[in-house]
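K.L.:
Can you read through this structure? Questions will come right after.
The values are calculated or read from the model by the stated rules, or taken from the named source; none is laboratory data. The shown structure was predicted, so the numbers you read here are calculated from the model rather than taken from an experiment. Don't worry about glycine lacking a Cβ; one is built from the backbone with ideal geometry, like all the others, and counts go over all protein chains shown.
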Amino acid sequence: MPSLKQIAHVFTRYGNLTFGGGSATIAVLHQELIERRKWLPEEQFVMSFALSRLTPGTNLLAFCTSIGWQLQRFAGAIVALLAASVPCAVIVVLVTVAFSQMQSNSIAQAAIHGAVAAAVSITVNTCWTLAKPHYKSGSRLRVVLIAVVAFALHVAAGLPAVQVLLIAAVAGFLLPEKKR
Amino acid sequence: MKILVLYLILLKATVTSFAGLASLPVVRDELVIQRHVLTDTQLNESVVITRSSPGPVGLYVVSAGYFVAGLPGAFAGWLAMVTPALLIIPLLLFAGRRAEHPRVKAALQTVVIASAALLLAAAIPLAKDALVDYMTIGIAVASLALLLKTRLDSLWIIFGSAAVSVVISFLPLLKMG
């Protein structure tokens, strides 16, 4: 079991470097927590992710809080939440103060340009990272169907994300996969 | 403006929204339209700032808080941002005890797959915004290939892309000089 210090280290290092949506950070944390450090099983990671999407506010912070809780209960949750939110908040304050200078700095602008382009790919890749564990023989049609319906409800029918997720939760609850 | 009031207003915005900028309409309505302690320009700037600095997009409330009341305002924004995250603990206790139940399992699985689809939907406007020329498209394609084919840390992909972008943008200048 990792110590509070180790939890603080991982979430400070990997929880604060998000560009263009928390999804990229989830992918980085997956790599770090599951594949490299093996701190918790995949199912717990997935449960944290699903619940964080149903928690109000910034999903990424709820996610980090949940992982912290599973590792070290309340202390772990608080440490993970602080580690994932204080450094980036301090940076935002500094940038807010220095904003006028930043706008005219062409090197910073070019760097941001490139980082944001990479963030698009990281986001797309995360979709696959999320769906892949469920995409196994016998469940493929189910996975594709859920994804297509969710995408259509959100993009074509204009339903807010949280409503789509609640519908998904209810649908999954009512129609569990049959045991083979 | 009292810091506690600012905190409660921002909390009202964050606790009733479920993603990044979804809380923005409440913040704008309360602080810009009703109380006149923030301008639309400042609110836009706070969004741009969080987009171009690390951390989740929800951090814009920290920046907006700073515009309203300086450092204490930024603190109120941070607190309003982190408070709702604690709500996941009761959710976890509730779902965790039932995690082996096939219906709960199926519900969580369906939510994960649906959010993968929503993420793809979210990537579309992001791509429109970010992929504006051959260089950015090239960076995105190369990044995706690296992500799918190698185990390279995405941290390095972000730093690498930033570096490539800086080098390409300043190459013509170097030649001229």
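K.L.:
Within the range B:143-171, can you find the residues that are among the aliphatic types (A, V, I, L, M) and in contact with a Ser or Thr (Cβ under 8 Å, 6 or more places away or on another chain)?
P.N.:
The answer is B:L144, B:L147, B:I157.
K.L.:
Check the range B:2-9 and report whether any residue there is modelled with pLDDT of 85 or more, on the phi > 0 side of the Ramachandran plot and assigned to a helix (DSSP H, G or I).
P.N.:
Within the range B:2-9, none of the residues are modelled with pLDDT of 85 or more, on the phi > 0 side of the Ramachandran plot and assigned to a helix (DSSP H, G or I).
K.L.:
Out of all the residues in the range A:134-153, which are among the hydroxyl-bearing types (S, T, Y) and more than 23 Å from the chain's Cα centre (by Cα)?
P.N.:
Correct list: A:S137, A:S139.
K.L.:
Please work out if B:S165 is part of a helix (DSSP H, G or I), farther than 22 Å from A:A27 by Cα, facing chain A (nearest Cβ under 7 Å) and under 24 Å from the mean Cα position of the chain (by Cα).
P.N.:
Yes; evaluated as a whole, the condition is true for this residue.
K.L.:
Still on this model: When B:A80 is evaluated against the numbered criteria (1) at the interface with another protein chain (Cβ under 7 Å from one of its Cβ atoms); (2) modelled with pLDDT of 95 or more, which criterion, by number, is the only one it fails?
P.N.:
With respect to (1) at the interface with another protein chain (Cβ under 7 Å from one of its Cβ atoms); (2) modelled with pLDDT of 95 or more, B:A80 is out only on (1).
K.L.:
While we're on this one: Would you be able to say whether some residue in the range A:16-25 is free of Cβ contacts under 8 Å to residues at least 12 places away in the same chain and either among the aliphatic types (A, V, I, L, M) or more than 7 Å from chain B (Cβ to nearest Cβ) (or both)?
P.N.:
The answer is yes, given that some residue of the range A:16-25 is free of Cβ contacts under 8 Å to residues at least 12 places away in the same chain and either among the aliphatic types (A, V, I, L, M) or more than 7 Å from chain B (Cβ to nearest Cβ) (or both).
K.L.:
Can you spot a residue in the range B:148-159 that is of a type in the set (V, I, T) and either in contact (Cβ under 8 Å) with a residue 12 or more places away in the chain or under 10 Å from A:G114 (Cβ atoms) (or both)?
P.N.:
Yes, the range B:148-159 contains at least one residue that is of a type in the set (V, I, T) and either in contact (Cβ under 8 Å) with a residue 12 or more places away in the chain or under 10 Å from A:G114 (Cβ atoms) (or both).
K.L.:
For the range B:143-158, give me each residue that is surrounded by 13 or more Cβ atoms within 10 Å (Cβ to Cβ) and more than 8 Å from chain A (Cβ to nearest Cβ).
P.N.:
B:L146, B:L152
K.L.:
Follow-up. Which condition number does A:L40 fail, the rest of (1) more than 9 Å from chain B (Cβ to nearest Cβ); (2) within 17 Å of B:L152 (Cβ to Cβ); (3) among the aliphatic types (A, V, I, L, M) being met?
P.N.:
Among (1) more than 9 Å from chain B (Cβ to nearest Cβ); (2) within 17 Å of B:L152 (Cβ to Cβ); (3) among the aliphatic types (A, V, I, L, M), A:L40 violates only (2).
K.L.:
Ok, one more. Answer yes if at least one residue in the range A:62-76 is among the charged types (D, E, K, R), more than 8 Å from chain B (Cβ to nearest Cβ) and within 26 Å of B:L147 (Cβ to Cβ), and no otherwise.
P.N.:
No, every residue in the range A:62-76 fails to be among the charged types (D, E, K, R), more than 8 Å from chain B (Cβ to nearest Cβ) and within 26 Å of B:L147 (Cβ to Cβ).
K.L.:
State whether the residues of the range B:66-77 include one that is in contact with a Gly (Cβ under 7 Å, 6 or more places away or on another chain), within 30 Å of A:F173 (Cα to Cα) and surrounded by 18 or more Cβ atoms within 10 Å (Cβ to Cβ).
P.N.:
No: zero hits.
K.L.:
Here's another thing I want to ask about it. Taking the residues in the range A:21-47 that are crowded, with 24+ Cβ neighbours inside 10 Å and polar (S, T, N, Q) as candidates, determine which candidate is farthest from B:S53 (Cα to Cα).
P.N.:
It comes out as A:S23.
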